Amino acid sequence: MIGGVFLDEKLPMMTYKKIAMEPNKKIALVAHDNKKRELVEWAKFNRDLLAHHKVFATGTTGLLLERELAFPIQKLQSGPLGGDQQIGARIVDNEIDFLIFFWDPLEQQAHDPDVKALLRMAVVWNIPIACDRASADFIISSPLMDKPYDRLIPDYDVYLKRKVPGVETPPLPIPGVTEAVKGRRATG
């Protein structure tokens, strides 16, 4: 028993890896249309705290932020045009340390599956996420913001090396292809 929870002895023990975050963070700022003004106001209020970090943003949000903050923003595609997925890929590649995403909980988005995938990647790779102004305030004002930090992620090598049922068996022959390969071997 650990912390009042009984552990199943048959379950493998999860191992973790450390991923270093440097003092200058790589921050993604994203906002749905109805939240862009709020994100821009937040960013203007926190301009000096954001200025020495590398800031990424999707589409129109990036243009608005660059104009208002007067420092370079790494602009990606608009969210519905693949920007959310670009940010998700950068999270996987350790090119983004945390995500501030002011999303609109009252409006359905055409790209809701992309939004869910982006938030999922942030959780899978254990990066801090703020989805509203209060959470963003707590993250940006954290003493960890300007210090090195080692975040822990599960060791996904165990997952990647797992045995998948049915994979150990030889593949089924594909009609026409198997015969062609046999014919080439016989003549070659």
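Once the chain from residue 123 to residue 164 is taken as fully extended at 0.36 nm per residue, the excess over their C-alpha distance is 12.3 nm. Taking all protein chains together and a 1.4 Å probe, the residues 21, 121 rank 121, 21 from largest to smallest accessible area.
Report the residues of region 142-167 in range of a label on residue 14: point 7 Å along Cα→C-beta, backbone N strictly under 18 Å from it. Hits in region 142-167 for residue 14 at 18 Å: 150-162. Taking the protein heavy atoms of region 22-69 in the context of the full set of protein chains, the accessible area attributed to carbon and sulfur is 47 percent at 1.4 Å. Which of 25/163; 54/161; 17/116; 75/163; 54/163; 17/44 have a Cα-Cα distance over 32 Å? Distance filter (> 32 Å) returns 25/163; 54/161; 75/163; 54/163; 17/44. The residues 84, 150, 114, 48, sorted by heavy-atom accessible surface at 1.4 Å with ligands and nucleic acids left out, run 48, 150, 114, 84 from largest to smallest.
The values are calculated or read from the model by the stated rules, or taken from the named source; none is laboratory data. Quick caveat: nothing in here was measured; it's all calculated off a predicted structure. Because the Cβ atoms are built from the backbone with ideal geometry, glycine has one as well, and the counts that use them run over all protein chains shown. Ligands, DNA and RNA are excluded from the accessible area calculation, which covers all protein heavy atoms including side chains. Shrake-Rupley method; radii C 1.70, N 1.55, O 1.52, S 1.80 Å.
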